[in-house]
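For reference, the structure is listed below as structure tokens.
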Amino acid sequence: MEEALYQLEQLSLEYQAKGYIEEPESILDAIMIPEDRVLDKAKWHYEGDFPEDLTKDAAYTATGMFITWLINNNWFSEEIEHQFAIEIGKVKQKQLTGAEFYRKCLDGVFSTQELADEIKPFVNEYLNIKKDIYAAEDYVHTFQGVGLTFYHVANTWENYDLIEPVIEQRFKEFWERIQKI
């Protein structure tokens, strides 16, 4: 992976020397440069267009399910893995949901800063606010008809079991695509 990144950087420098300009929103930037950014805040949901019949806890569910996938695949940084080892263990044992981890341990703010560098390109693409494949496509399609709204999907392990293979497939496709670059 490091060799591929080095070769891409060298190729980029060659083209820049020929007068080409790198676009700030290029696909290579999105895939290869893991920038840290806030991906979701629960308060963006419950302070926005949020159903009155639900508690604020429902604002943590969708992102919490993605966080569960990250935990189950050991994609958090070593620092987070160490700091929240007990809670991460409880998520893996299905004693604590990803939504509860998101609320209690991350204070309702999910950013790439907490993640291992290797997963950041995938997360930056999959949870990109401009083209949110996870929430706008996969989560909505997986749970279509389950609840009245996006927020009405119950925070259950059964629901996580429905979304997990969808995330796995997206990750597999992403990984195969970047291996070809």
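The values are calculated or read from the model by the stated rules, or taken from the named source; none is laboratory data. As the structure is a prediction and not an experimental result, all values here were calculated from the model. Here the Cβ positions follow ideal geometry from the backbone for every residue, glycine too, while neighbour counts run over all protein chains shown. SASA here: full protein model, heavy atoms, side chains in, ligands and nucleic acids out. Shrake-Rupley method; radii C 1.70, N 1.55, O 1.52, S 1.80 Å.
Between T149 and E168, 0.36 nm times their residue separation minus their Cα-Cα distance comes to what? Numbers along the way, then the final one.
Details: separation 19, 0.36 × 19 = 6.84 nm, distance 2.41 nm.
This chain segment gains 4.4 nm when fully extended.
The distance between label points at K43 and E118 comes to 3.5 nm (points 7 Å beyond Cα on the Cα→Cβ vector).
So with the 1.4 Å probe, I'd like the accessible area per residue for the stretch 81-142, rounded to whole Å². All intermediate terms of the calculation are to be shown ahead of the outcome.
Numbers: 3050 Å² over 62 residues.
Normalised by residue count, the accessible surface of the stretch 81-142 is 49 Å².
According to the square roots a ≥ b ≥ c of the eigenvalues of the Cα gyration tensor, what is the shape class of the stretch 112-170, taking rounded for a/c under 1.5, prolate for a/b larger than b/c otherwise, and oblate for the remainder?
It comes out prolate by the Cα gyration axes.
In whole percent, and with a 1.4 Å probe on the protein chains, what portion of the accessible area of the stretch 120-167 is carbon and sulfur? Don't jump to the answer; show the numbers that get you there.
Working: 1390 of 2390 Å².
Carbon with sulfur: 58 percent of the solvent-accessible area.
Apply 1/(1 + (r/R0)^6) to the Cβ-Cβ distance of Q7 and I129, taking R0 = 22 Å, and write down the FRET efficiency to the nearest 0.05. Can you show the working numbers first?
Numbers: r = 30 Å, r/R0 = 1.36.
FRET efficiency, Q7 to I129: 0.15.
For a label point 7 Å from the Cα of H82 along Cα→C-beta, name the residues of the stretch 92-119 whose backbone N is under 17 Å from it. Residues 114-117 fall inside that zone. Extending 7 Å from Cα along the Cβ direction at K94 and again at N72 yields two label points whose distance is 0.9 nm. Relative to the 2.2 N^0.38 Å rule of thumb, the stretch 36-181 has a C-alpha radius of gyration ratio of 1.00.
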